[in-house]
Amino acid sequence: MHHVEVVAQLEGSHLEQLPELLEAATRADGHEPIGEHKFLRLQRGDDLAAAVLAYEHGKLAGYAHTVTYRDQERRRVSCEFVVHPEQRGIGVGRLLLAQAIEHARSQQAQRIDVWAYNDSPASVHLAVQLGFKPVRRLLHLHRHIGETAPAAAVADARLRAFRPGEDDERWLKLNNRIFAGHPENGSWTLDDLRARMAQPWFHAEDVLMLEVNGSLAGFCWLKVETRRDEGLVGEIYVIGTAPEYRGMGLGRFLVAHALRHLRERGTRIAAIYVDESNAAAVSLYEGAGFHHHHVDVCYTRDLTVEAYDRDRAEAAA
């Protein structure tokens, strides 16, 4: 029987075993098992975040984390989870998700979303068993840096590096305006921004601020780090242009300069995540030489009273 602990903040005792679990899963699966956004919130403590830790004989067998969001008038919980390779196939994943669902209900959430990174047959099987349906596909695109095409000139546009302490509020305001309504990027706080600025991979010169006629029109935030079996990788971490400047070719301008910057930083590979439904963005990146690497899938489950009653009726049948 696994011992389960649910916490709102990851502390020393939790963090002692997490690195080994994440490293073992990364080795087994070939990709990182969880995202950064929820993990950083749990490290600093957050009333809207929760972690589920499953132990077997004192050893961490599985981990899940959640964040509660309010989308207009509806609450939803977003979840990611990972099971130690040595503990797979014995119900740990099901246990983690059951606890995450219970937590989501305690938050009065109307639905729960679960991400399956590099979606696999095992993920599909578990999702179907627990009544989840796929709703989003996030494409992970790659390209080798190699030669990069020169950026087309854009009138009155210039790039400069992010200035910590001076640009924080301006960047945050523009980011939240660009991504208004976006499930992950559209409601950042200063704490969210500064938590990333405190990470070892953050360098202000990797955040390209785009000004047009002196006004902030967009940005391209690059994340450069060494990844297993890939060497030095440069990820286009967040990129966007203000709505009033769209149609001017600023997206192509930013991507071209980002690739040149990554080449100068010595990276071998450029990577980006983009929602499959965003056809314009997919076309932009494919036109810049990016190709398909893998797909992350978001599964969702309805948690309304009607869905709860239906689940109970099906279980009793």
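The values are calculated or read from the model by the stated rules, or taken from the named source; none is laboratory data. In this text the structure is predicted, and so the values were computed from the model without any measurement. Please note: Cβ atoms are built from the backbone with ideal geometry, for glycine as well, and neighbour counts cover all protein chains shown. Quick note on the areas: whole protein, heavy atoms, side chains included, nothing else; ligands and nucleic acids left out. Shrake-Rupley method; radii C 1.70, N 1.55, O 1.52, S 1.80 Å.
What full-extension length gain, to one decimal in nm, is calculated for His57 and Phe179 as 0.36 nm per residue of separation minus the Cα-Cα distance? Gain on extension, His57 to Phe179, equals 39.5 nm.
What number comes out for accessible area per residue over the chain if the probe is 1.4 Å? Units Å², please. Present the calculation step by step, with values, prior to reporting the outcome.
Working: 15460 Å² over 317 residues.
With the other protein chains kept in place, the chain gives 49 Å² per residue.
A Förster radius of 25 Å, combined with the Cβ-Cβ distance separating His125 from Thr304, puts the computed FRET efficiency at roughly 0.50. Rounded if a/c is under 1.5, else prolate if a/b beats b/c, else oblate: with a ≥ b ≥ c from the C-alpha gyration tensor eigenvalues square-rooted, which is the range 1-66? Oblate, since a/c reaches 1.5 and b/c is not below a/b.
What net charge is computed for the residues neighbouring Glu244, neighbours being all others with C-beta under 15 Å from the C-beta of Glu244, Lys and Arg scored +1, Asp and Glu -1? It would help to have the intermediate numbers written out before the result.
Values: positive: Lys173, Arg177, Arg246; negative: Asp156, Glu211.
It works out to a net charge of +1.
Rounded to the nearest 10 degrees, what's the angle between the helix 305-316 long axis and the longest principal axis of the chain, both from Cα atoms, 0 to 90? Here the helix axis deviates by roughly 40 degrees. In terms of accessible area, using a 1.4 Å probe and ignoring ligands and nucleic acids, Met197, Met248 rank largest first as Met248, Met197.
For the range 184-317, rounded, prolate or oblate, judged on the Cα gyration tensor with a ≥ b ≥ c (square roots of eigenvalues), a/c < 1.5 rounded, else prolate if a/b > b/c? Cα axes put the range 184-317 in the prolate bin. Here Arg94 sits with roughly 100 square angstrom of accessible surface, probe radius 1.4 Å. Here Lys173 is the anchor, and the aspartates and glutamates within straight C-alpha reach of less than 17 Å, apart from those fewer than 8 places off in the same chain, are Glu184, Asp191, Asp192, Glu211, Glu244.
In a simple Cβ point-charge model (Lys, Arg +1; Asp, Glu -1; nothing else charged), the chain has a dipole of about 520 debye relative to its Cα centre. DSSP beta bridges fully contained in the chain are about 90 percent antiparallel. Could you look at the range 96-166 and say what percent of its accessible area is carbon and sulfur, using a 1.4 Å probe and all protein chains? Summing carbon and sulfur atoms, their accessible area is 55 percent of the total for the range 96-166.
Can you give the net charge of the other residues whose Cβ lies under 9 Å from the Cβ of Leu130, counting K and R as +1 and D and E as -1?
Values: positive: Arg94, Arg301; negative: none.
Charge balance in the 9 Å sphere: +2.
Scoring 48-54, 230-236 by mean Cβ neighbours within 10 Å over their residues and listing the highest first yields 48-54, 230-236. Across the options Leu141, Val224, Leu21, the greatest Cα extent toward the positive end of the charge dipole of the chain (unit charges at beta carbon of Lys, Arg, Asp, Glu) belongs to Leu141. Once each of the chymotrypsin sites (Phe, Trp or Tyr not before Pro) sitting in a DSSP loop with at most 16 other beta-carbon atoms within 10 Å is removed, the chain keeps 1-178 as its longest stretch. Selection among Ile34, Tyr299, Thr68 by position relative to the dipole of the chain gives Tyr299 as farthest towards the positive end (Cβ unit charges, Cα centre).
Ranking Glu102, Glu73 from most to least accessible surface, computed with a 1.4 Å probe over the protein chains only, gives Glu73, Glu102.
Against the chain, whose longest principal axis is taken from its Cα atoms, helix 12-29 shows a tilt of about 80°.
Relative protection proxy for 30-36, 108-114, from highest mean packing down: 108-114, 30-36 (other beta-carbon atoms within 10 angstrom). Counting Lys and Arg as +1 and Asp and Glu as -1, what is the net charge of the other residues whose Cβ lies under 14 Å from the Cβ of Leu172? Residues near Leu172 contribute 0 overall.
Taking a ≥ b ≥ c as the square roots of the eigenvalues of the alpha-carbon gyration tensor, the range 31-137 is classed oblate because a/c is 1.5 or more while a/b is no larger than b/c.
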